[in-house]
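The structure appears right after this line, and notes come after that.
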Amino acid sequence: MKIKKLILDRYGVFTDREIDFYPEQGSAGHLHLLYGPNEAGKSTTLNALADLRFGFPHSTSMDFIHNSQELAVSAVMERPDGTEVGVRRLKKRKGDLKIFDPNAPDALEQDADVELVALLEAGLSRQDFQQMYGIDHSRLQEGGRQLVNGEGDLGSALFEASAGTVGLKSILASLAGEAGKYFTPRASTREINKSAKRLSELAKELKQRQVKPAVWAEKDKSFRDAKRHRERLLEDMENQRRELAQAQKLRAALPTLGKIDGFRRSLDELAHLPDLSSDIRDRRLSAQQGIKRATLDISTLEEAIRISDGELAGFDIDHQVLEAQESVEALDRQRDRYSEALEQWRASRSAVEQKQQELAINAGRISSTDVDELIRRMPGEADTVEIQGRLDAVEEAERDLNLAEGELSRLDDEEREEMDSIAEPVSEEVKAALEQALRQVRGLGDVTERVDSLDRAIRTDESAVEQKLGDLGRDSVDDARTVQPLMEAEIQEAERQLGELETSESRLKDRIETIKHEIVDAAAEVARLQAEGETVTPAMLIEARQTRDDGWDLVFRRYIESVEPKVLVNAIHQYAGDSPLPVAFQNAIARADHYGDKLHEDVQRSTQLAQRQSEHGQKSEYLGSLNKEIAAVQEQRNALLKRWSESLGKRGLPETLQPSALFQWQRLRVVALELDGSKCSKESELELLKRRRDNAVLQLAESLTALGEKLQLKTLEAATLQADAWLKAETQSEGMRAEKERNARKRFKRRQDLTGHIESLSTRREVQLGALNQWTVRLSLTEDVGLATLRARLDEFRDINTTQEDIWSLERQCHGFKATVSEFCTKCDALSDQLQEAAWEDRAPWVERLAGRLKKALEQCREKRHIETKQADAKERLDTEKRRLQDQSSELETLLCEAGVSTMGELEGVEEGVQRLRHLKQQLQDAEELLLQSNPGQQEEALRSLAANDDESALDTKITELDGHIGRLKSSMEAADERLMTATRELEAIDASDQAASIQEEMSALRAKLVDAFGSWSRLQVAGALLNQALASYREKAQGPIVKAASEFFSMMTGGRYQELVPDEQGEHMVLLAKTPDGRLINVSQMSEGTADQLYLALRLAALKIRDGASGFMPLVLDDVAMTSDDRRTACLLKALDRFGDSGQVLLYTHHRHLLDIAKDTLGSERFQIHEL
């Protein structure tokens, strides 16, 4: 996207600073020169362009004036379709890119969409954008050096120009060098060569040290027998352990099988209950509530129908005016036109009468005859043109006569003036000495301006140094030099650590605020649920049932087992308090049943309440842990700041500065020292200029004294002006003497010509006056009237004619207005007959009254239809509610039939029994699943068959016996292990020197080392091959268009010294050569550094031109790329950039003002824009 306007809202040193790249509509050229001295903000605007497109980094150096969270930079961009959009980038984590309408800046901003972000970034990262579209002086020189070092390799040159990288040739050489460290053919010291040779030598040595086959076979047989014996013991132990595990599982399954039998017996007792669906209770409650709601809705709808019947009976609609609706509406639309036509008709009649009176008055001023006679005597158009022409001819002749006579008088005056004396000439030697002195002065240039400029610059530098020292908090420059600055890496590391701690602290604070809000929400939700009424949770129900079961245990022991009261007195008192035990037990039963009903009725709200209470507790605990974490982070941050301050104090730096501020402080210190050095050099230059100026003034004074002139002011400007004035006066005197004779001859001839011309003009004037006298009588004038009077009479006749034409035009308009009024009145009379009522004399109010009646009637019709529609809807809903009442009653009858009961009370009892039946089934299912989980792969019948012959005591005895057998097998295993170890040692002892094992160990290490080295070598080889292949592929694809475009740019940059670039195959590589006008081909290595820089820039421009044509519009940013170029080379460079700007946008930053003058002389002001920072 092309950038049309850059707005630095709050960025670096700028606040609301705007740079308009196209200040005028249709500005030509896309080359922009951004000029500014050092510290003017060029680097700031460069960073702003990248931050605008890719977002602010986490840590930025642009917040030394504005707060980091307030940073913002905006721009007006042009989309590929030509539309404009405003873009604003903020320093935020989310929603940092906004868009706005540049033509309505006060409108609300919106988040940018994905399409706009893609257009801004153009598929690039920040690093890609800076490499491909940003070129400064150092990168330009580095690109030129790499072209020379790469000897013009075409693939590397094209790839580096397109990607913005440098040094691919050195990268390939580095890859080859690294691979050569591992392997080189016919080498002996490389790692792979040396390892392979050593491995071959060890294989031969190992073969020589192998033992005899017979001895080795005997020892190997002993070893294998010991190993087989140990494996048999191990297998026997595994069998015993499996049998033990089976017995233990069977012993653990016996209690579960007992529970399963108990659950099945309980289910058999409840088998008489009907098999009802699980939602029967919900269906019953839904049907009862539906009957209640339907009854209420039926009553409400019947009342609404009765009210609407009354409203319909009260309507009285004007049907007569409704029948004439079309006519009334048509007349109402024409009412304003009728009123306007009536008013204009009356005004036109009045205007006609006024114009007729005006015509009579004007005619009376000319003659007493009637108007028609005056109009007949009025000259026609041709006569008027003839009269005007003769009047103009007479005036022209008189004007020419006056001019000729005046010129004769002027000639006489000139002759008298030339008779005055002219100064005598001076000596040529003295005049030449003065001219020589002036040439020496002009050779010095504008010395005074340079002296004043240097003086101002020195004072500016002094003020800037003092300001910088004040900003630094230092008393002098020497004090600033004594400081030991920190390295940028140290500052960045401290800033990174501090930023991470601050980020962690901010993240924890945000999380704490979120948790606090969640705790408040959970507490509010708990309060809301509790406020809706008594809420029973599953925990409360379990506790109530446990209390009921404890009471039953006490009742059973006290009244059924007849345990002595004194034995249970404490337990009964703790359970029942002062109440009798049966009463307390009955209350516990009632409470458990009540909790069960409440939980069943409102299980959703109970579940929500339990969840919210649990969530509230968990959030509170989590909040405490977060508070501890943030305290630890704050302690780490304070410790880091303390160490940072101590480090600053040791180096003489301000201890209160943060890392980001210290980075700016050190940059400010460097700027202050540079300014002080610049001031000293300017002072030396100023002293030299003053001495040269004084010598020049002395020479001018001596030359003027020799001419008899006294120097008026002893300044260089005054002496120069006085000498110039004397020379100009002397030159004028010489010219005047030569001119005197020429002028005398010219005046004589001119006087003769003027005399003849005056006679001719007088004759022509008399002829025209004679022709005009014929018209004076016809126009009611005397023959001796002047020209002005004759012109005035023509104007009076013209006014009479204009007035008569106005009268005719007004009469035509009056006729048209009258026809409009008559037509409207005719339609009103027809409507009056239709309505059978008389129309008013003023038709407009009558039509307005009819329109009001029609509007009222239409509103009544609409209101009646609305009420009828509502009544029909109410009747339809009434039928629906009656059907719903019948359906819900049928649903209750169905439920009673399914349960086999006749009343609602019996149905609720059946529901409770069915619920208990389901609970038992669920318990049975849980026990069966637990049995399967404890014994995977075995069914219940198999377990029962295994346990049929064993009880718990028999299984316990079997488990004890298996444990003892396994212990004895372990002892046997220890003996077998000892035997195996002895056989192993004997087998290994065959080679007592252990040389074969050492050789094998060394060979294993060499094989591992060889595999590792080969992996590294192969990766390097593959990387080099892939890079070469990529370069070759890119060269084949980009060679044609890029080289063609680069040839054009390179020819322009070198002023035609090189005509084109030519790819040439040399050996295995394709290189780039430059062709001169005489046909010679020049290698890159033969070019100067400056020319190589130009070649690199030409390739970059060509690659970017091809890329932008395929993928989108991005601006090219150049920073002082002409720093080391002379004026001629700079002019050629600007021409090339202007050509590139035809298809792109170029932003050229510079602090050299003379570059602007070169651009104006080379391109013209209309081809580029200047923006001063």
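Only the coordinates and a few stated rules stand behind these numbers; no lab work does. These numbers come from a predicted model, not from an experiment. Here the Cβ is made from the backbone with ideal geometry for all residues, glycine too, and neighbour counts use every protein chain on show.
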### Summary
Rounded to whole angstroms and listed largest first, the alpha-carbon spread of the chain along its three principal axes comes to 166, 126, 65
#### Entry: Ranked list, fewest to most other Cβ atoms within 10 Å of each Cβ, for E941, E1048, E493
E941, E493, E1048
### Inter-centroid distance (Cα atoms) of segment 430-447 relative to segment 891-951, Å
126
### Message
Of all beta bridges DSSP finds with both residues in the chain, what is the antiparallel percent, to the nearest 5?
### Response
70
### Task
Could you list which residues have their amide H under 5 Å from that of L71, counting only those 5 or more apart in sequence or on another chain, with H placed in the peptide plane?
K91
### Query
Roughly how many whole Å is it from the C-alpha centroid of segment 366-417 to that of segment 465-511?
90
### Query
Q288 to D550: extension gain in nm, 0.36 nm per residue of separation minus the Cα-Cα distance?
90.6 nm
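For S138 and E848, calculate 0.36 nm times their separation in residues minus their Cα-Cα distance, and state this gained length in nm to one decimal.
Working: separation 710, 0.36 × 710 = 255.60 nm, distance 8.56 nm.
Roughly 247.0 nm would be gained on extension.
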### Message
Which residues does the label zone of E462 cover in segment 668-698, counting backbone N under 18 Å from a point 7 Å along Cα→Cβ?
### Response
672-690
### Query
Label S972 and D236 with points 7 Å out from Cα along Cα→Cβ: what is the distance between them in nm?
0.1
### Message
So, R0 is 22 Å and r is the distance between the beta-carbons of D478 and K690; what FRET efficiency does that work out to, to 0.05?
### Response
0.20
### Message
Taking the Cα centroid of segment 1119-1173 and of segment 46-61, what is the distance between the two, rounded to the nearest whole Å?
### Response
26
### Global geometry of segment 852-989, whether rounded, prolate or oblate, following the gyration tensor of its Cα atoms and the 1.5 cut on a/c
oblate
### Query
Using 1/(1 + (r/R0)^6) with R0 = 30 angstrom and r between the beta carbons of T1076 and D1161, what's the FRET efficiency to the nearest 0.05?
0.65
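Going highest first, how would you order 9-21, 241-253, 261-273 by mean Cβ packing within 10 Å? Let's see the in-between values first.
Details: 9-21: 17.9, 241-253: 15.7, 261-273: 11.9.
Packing proxy ranking, top to bottom: 9-21, 241-253, 261-273.
For a test of the definition: using alpha carbon positions, the gyration tensor, and the 1.5 limit on a/c, classify segment 707-798 as rounded, prolate or oblate. Numbers along the way, then the final one.
On the way: a/c = 8.51, a/b = 2.65, b/c = 3.22.
Oblate is the answer for segment 707-798, as a/c is 1.5 or above yet b/c matches or exceeds a/b.
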### Query
How do T1150, T803, T448 rank when sorted from fewest to most other Cβ atoms within 10 Å of their own Cβ?
T448, T803, T1150
### Extended-chain gain in nm, criterion 0.36 nm per residue less alpha-carbon gap, T957 and E24
325.2 nm
### Message
Given contacts defined as C-alpha pairs under 8 Å and at least six residues apart, what's the relative contact order of the chain, whole-number percent?
### Response
31
### Query
Under a point spin-label approximation (7 Å from Cα along Cα-to-Cβ), what is the A347-Q925 distance to one decimal in nm?
9.4
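Which FRET efficiency value, to the nearest 0.05, is calculated for A872 and H272 with the Förster distance at 56 angstrom and r the Cβ-Cβ distance? Could the numbers behind the result be given before it?
Values: r = 54 Å, r/R0 = 0.96.
Once rounded, the FRET efficiency stands at 0.55.
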